[in-house]
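Okay, so here's the structure we're looking at.
The numbers here are math on the coordinates, done by the rules we state, and not lab data. On a predicted model such as this, the values are computed, not experimentally measured, just so you know. Virtual Cβ from ideal backbone geometry, glycine too; neighbours counted across all protein chains shown.
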Amino acid sequence: MAPEAPAEPSSAATPRAPAARRGARSPNPTGAQGAGGEPAHAIELDALVRRYGERAALDGVTLALPAGSTLVVFGPNGAGKSTLLRVLATLLRPTAGTARVLGCDVLREGWRVRGRIGFLGHEPLLYGDLSASENLAYHARLHGLRDASARIAELLERVGLASRSADRVHTFSRGMVQRLAVCRAVLHDPAVLLLDEPRANLDPAAAELVEPLVGRSSGRTRVVTSHDPVGGLAEGDLALGLRAGRQALLAPAADVRPAQVGELYR
Amino acid sequence: MSARPPATLAAARAVLAKELRLERRAPQTLVAMALYSSTAYVVFHFALARDTVDGSLAAGVLWVTLTLAALLGIGRLFVSDRDEGGLEGFLLAPVDRSALLLAKAAALLAFLVAVQLVAVPLFAILLLGPAPGAGGWLRLVLVLLLADAGIAVVGTLVAAIAVQTRARDLITSIMALPLLLPVLIAASRATAPLFAEAGAGALAGRWLAILGLYDLLFALLAWALFDYLVED
């Protein structure tokens, strides 16, 4: 069954969020629990506003994303994509409206959200003077992971950095740093991934390495920003287009043509 | 592998270990503080046109030097976190924000103690007139620890504010110096009898009590305010 997304204020389209590939349940606008105790929607935004002073970086964004689905966010620079991710990651507080992640309000229950999200932004959030494994061990301790050394070794192996695990990060290329940042983001096996252009700085081979961790095949609920209409639509279930913080497009990705996405940038 | 949000102390230990490891790898803060202290003694030597100092003048020279050296440490306390996104990395973890306050204050305290292990003996060699006996040095250690605790707490608060501004160094100096003035006054007054020419005098309990009260007051204030300082 295809759950219905909330009406979108600035677009003519009447969006319908796609069914999740796994674990999708009935629409849940009130935050009710699904059959297994988990909320049916992994992410719910209701008239979300975030202002920087007078300027609205997000202005009335409303949507619901079923668990296990991918929301792909398009928009030109400054449209509010990164702000949306940072609000969901509890790094920024909403100015108005609500944002819920896995049923938890990011403003009131941020501490519940943090342990269940993996955030990959423009900055890798790694210390250059620590080695790859030291960086991951530090984040593992902050997330309360016990016996994390096996997990760290496994992740470094999967992204092709096992032989560089003892090297300091400032000796890494940008692509290697990005691969390590992917490891940091998924280290604690989060249910939701917030990914800001996750393949930036990655060559095709490296992008293939991180695909099982942060790609569609990871099976996690994902919010991914992209500037690539074709690639982005292919990996998304629901497409959101932002222009100057406003919701200019919200529709199932399968129903959106790349040209519609291109119009956001004109 | 299992995960449970770590307790505040466990998270603080993780951050502190990271801080000390980073400083060991690239010892910028300690080197800057130690170099500043030794240079300041030489400058005082020429500016005062005296070979030795004692009493309240000696106490003043020592504490002005240590306080200004501490400003260097305060100014650098969150620099690696700002430059490399470490603060966001911490904020994304399911831990109490007070863990960062604890860890940063403990790191600054460790830096202050480490620098003073060099700077205080250097002061005694280069400038101090009659050196106190063993008892006098022990009493000085008590004053140093009480003052350092206050500097560490206030310095962490100021650093957390300053790092979010562009004029980090300016904000650090403008905010930290007035806030640290009570520490400077109380520590100098408490230390002066120890450096008296007639031999080490009794430690003034009143000034120690003021230092202790200052530490307690700002520790409570920091605990209450820190979340608001580091979060959006």
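Each of B:Ala147, B:Ala7, B:Thr52 was scored by the projection of its Cα onto the charge dipole of the range B:4-229, and the greatest displacement toward the positive side belongs to B:Ala7; charges sit on the C-beta of Lys, Arg, Asp and Glu. The mean number of Cβ atoms from other chains found within 10 Å of a Cβ in peptide A:136-149 is 6, as a whole number. With contacts taken as Cα pairs under 8 Å and at least 6 residues apart, the range B:4-229 reaches a relative contact order of 29 percent. Ranking of A:Val106, A:Val230, B:Val141 by neighbouring Cβ atoms within 10 Å, starting from the fewest: A:Val230, B:Val141, A:Val106.
Two numbers describe the Cα atoms of the range B:1-115: Rg and Dmax, which are 18.2, 66 Å.
Quick check on chain A: of the DSSP beta bridges with both residues there, what percent are antiparallel, nearest 5%?
Taking every DSSP beta bridge within chain A, about 60 percent pair in antiparallel fashion.
With respect to chain A, whose longest principal axis is taken over its alpha-carbon atoms, helix A:174-186 is tilted by about 70°. Magnitude of the charge dipole for the range B:70-145, about its Cα centre and with charges confined to Cβ atoms of Lys, Arg (+1) and Asp, Glu (-1), is about 320 debye. List the relative contact order of the range A:174-244 as a percent without decimals, with contacts defined as Cα pairs under 8 Å and 6+ residues apart. It comes to 33 percent, rounded to a whole number. For helix B:8-25, report the angle its Cα long axis makes with the longest principal axis of the Cα atoms of chain B; keep it between 0 and 90° and round to the nearest 10°. Compared with the principal axis, the helix lies near 60 degrees.
Counting neighbouring beta carbons within 10 Å and listing from fewest to most, the residues A:Leu125, B:Leu221 come out as B:Leu221, A:Leu125. With R₀ set to 41 Å, the beta-carbon distance separating B:Val141 from B:Gln164 gives a calculated FRET efficiency near 0.70.
With both labels modelled 7 Å from their Cα along Cα-to-Cβ, the B:Leu217 to A:Val230 distance reads 6.8 nm. Shielding value for A:113-121 is 3, the average number of Cβ atoms from other chains within 10 Å of each residue's Cβ.
Placing unit charges on the Cβ atoms of the charged side chains and taking the dipole of chain A about its Cα centre, the candidate lying farthest along the positive direction among A:Leu194, A:Pro212, A:Gly110 is A:Gly110. The value for chain A of Rg(Cα) / (2.2 N^0.38 Å) is 0.98.
Going by a ≥ b ≥ c, the root eigenvalues of the Cα gyration tensor, does the range B:4-229 fall in the rounded group (a/c under 1.5), the prolate group (a/b larger than b/c) or the oblate group?
Details: a/c = 2.18, a/b = 1.78, b/c = 1.23.
Prolate, because a/c is 1.5 or more and a/b exceeds b/c.
Shape verdict for the range A:131-224, please, from the Cα gyration tensor: rounded (a/c under 1.5), prolate (a/b greater than b/c) or oblate. Because a/c hits 1.5 or more and a/b fails to exceed b/c, the range A:131-224 counts as oblate.
Stokes-Einstein diffusion of the range B:84-206 at 4 °C, 1.567 mPa s viscosity, Kirkwood radius from Cα pairs, rounded to a whole number: 79 µm²/s.
Fewest to most neighbouring Cβ within 10 Å: what's the order for A:Leu88, B:Leu87, A:Leu194?
Working: A:Leu88 24, B:Leu87 20, A:Leu194 29.
Ascending number of Cβ neighbours within 10 Å: B:Leu87, A:Leu88, A:Leu194.
Can you tell me how much longer the chain between B:Glu197 and B:Ala17 gets when fully stretched, taken as 0.36 nm per residue apart minus their C-alpha distance, in nm with one decimal? Before the final figure, lay out each step's value.
On the way: separation 180, 0.36 × 180 = 64.80 nm, distance 4.27 nm.
Difference between extended and current length: 60.5 nm.
Roughly how tilted is helix A:148-158, in degrees to the nearest 10 and between 0 and 90, from the longest Cα axis of chain A? It is inclined by approximately 80 degrees. Sorting the Cα pairs of the protein assembly as shown by distance into bins of 20 Å, from 0 upward, gives 22, 45, 24, 9, 1 percent per bin.
About the Cα centre of the protein assembly as shown, what is the dipole size in debye to 20, counting +1 per Lys and Arg Cβ and -1 per Asp and Glu Cβ, all else neutral? Present the calculation step by step, with values, prior to reporting the outcome.
Values: 48 positive and 43 negative charges, 66 e Å.
That gives the protein assembly as shown a dipole magnitude of about 320 debye.
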